[in-house]
Amino acid sequence: MGARVLVEGVSKRYGGDPSTPRTEALHEVSFELLPGSFTALLGPSGCGKSTLLNLVGALDKPTSGRILVDGLDIVSRSEPERDTYRRRTAATIFQFFNLLSTMTVVENVSLPLLLDGVPPRRADDAARQTLTEVGLDEKLTAFPYQLSGGQMQRVAIARALVVNPALLLADEPTGNLDSRTGNQVLDLIEELVSARGLTVVMATHSEAAAARATRVLHLLDGRLVAAS
Ligand SMILES: Nc1ncnc2c1ncn2[C@@H]1O[C@H](COP(=O)(O)OP(=O)(O)OP(=O)(O)O)[C@@H](O)[C@H]1O
Ligand SMILES: [Mg+2]
């Protein structure tokens, strides 16, 4: 089941100390994501997309504002609670996949479960099952360098999904793929939204990729300028 996310008046400033210039990366951003929705965050480089995903993923904290996930304010939670949220609720995939190069495909995907204390045998079974779901059951013992870009992103998606998250945060997931492969990754994300009822937010600067989402939030200079 997907999460309901409420972002209320969120601002984020970086720097401000003598060594770093002050940047207001986000200014009073508010929106709601319904459970099981697929939303694109569209805007040019530097507009604040990654900053916003990092805040929703609890990788960083806003300067002001609230972020409620299924009614709980993730900003004011304790660090152990934020850590559990990052491990179990909000999963992220990235433009450059971020797979561990010395581990096989199945090892990469079972890692989040092992870190969460799941016994190795069960973690391995769950990883294999999730990899089958993303169509990679023939690559279980391959290393990342032996895969195509699209296959690497599917491994990253499997690694995100293996913990059964309620929220998938995708930061330019097709940014490093050709358009055909990118479309296959978007097909997979679309399937996951409907099959698992996940809530998905995808940051992109591509209008074509954004058009695949059911809702588009336009971000410009840290401000939400329109929704469509
Ligand atoms: N850790 C940081 N310290 C200082 N400034 C930062 C930091 N991270 C981001 N910024 C600044 O905040 C603004 C928003 O950056 P962000 O990475 O969120 O943009 P983006 O929309 O994801 O861009 P891109 O499409 O290039 O990935 C930019 O001006 C950036 O320089
Ligand atoms: Mg970014």
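Each of 94, 50, 65 was scored by the projection of its Cα onto the charge dipole of the chain, and the greatest displacement toward the positive side belongs to 65; charges sit on the C-beta of Lys, Arg, Asp and Glu. The Cβ shell under 14 Å around residue 7 holds other residues with a net charge of +1, Lys and Arg each +1, Asp and Glu each -1. Modelled spin labels at residue 64 and residue 87, positioned 7 Å past Cα toward Cβ, are 3.5 nm from each other. What you get for the chain, charging only the Cβ of Lys and Arg (+1) and of Asp and Glu (-1), is a dipole of about 180 debye around the Cα centre.
According to the calculation over all Cα-Cα pairs in region 106-164, the P(r) per 5 Å bin from zero is 4, 23, 35, 22, 12, 3, 0 %. Among 22, 128, 82, the largest mean-square fluctuation in a Gaussian network model of the chain, built with springs joining Cα atoms closer than 10 Å, belongs to 22. Straight-line cross-link partners of residue 61 among the lysines, defined as a Cα under 23 Å from its Cα and at least 8 positions apart when in the same chain: 12, 49. Against the chain, whose longest principal axis is taken from its Cα atoms, helix 179-196 shows a tilt of about 90°.
Per-residue accessible area (protein heavy atoms, 1.4 Å probe) orders 14, 85, 145 as 145, 14, 85, starting from the largest.
Could you work out which residue, out of 202, 103, 152, moves most in a Gaussian network model of the chain, that is, has the largest mean-square fluctuation with Cα springs under 10 Å? Top of the fluctuation ranking is 103. For the chain, modelled as a GNM whose springs connect Cα atoms under 10 angstrom apart, the maximal fluctuation among 161, 136, 198 occurs at 136.
The values are calculated or read from the model by the stated rules, or taken from the named source; none is laboratory data. What you see is a predicted model; the values in this text were computed from it and never measured. Here Cβ is always computed from backbone atoms with ideal geometry, including for glycine, and neighbour counts include all displayed protein chains. Areas reflect the complete protein model, heavy atoms only, side chains present, ligands, DNA and RNA absent. Shrake-Rupley method; radii C 1.70, N 1.55, O 1.52, S 1.80 Å.
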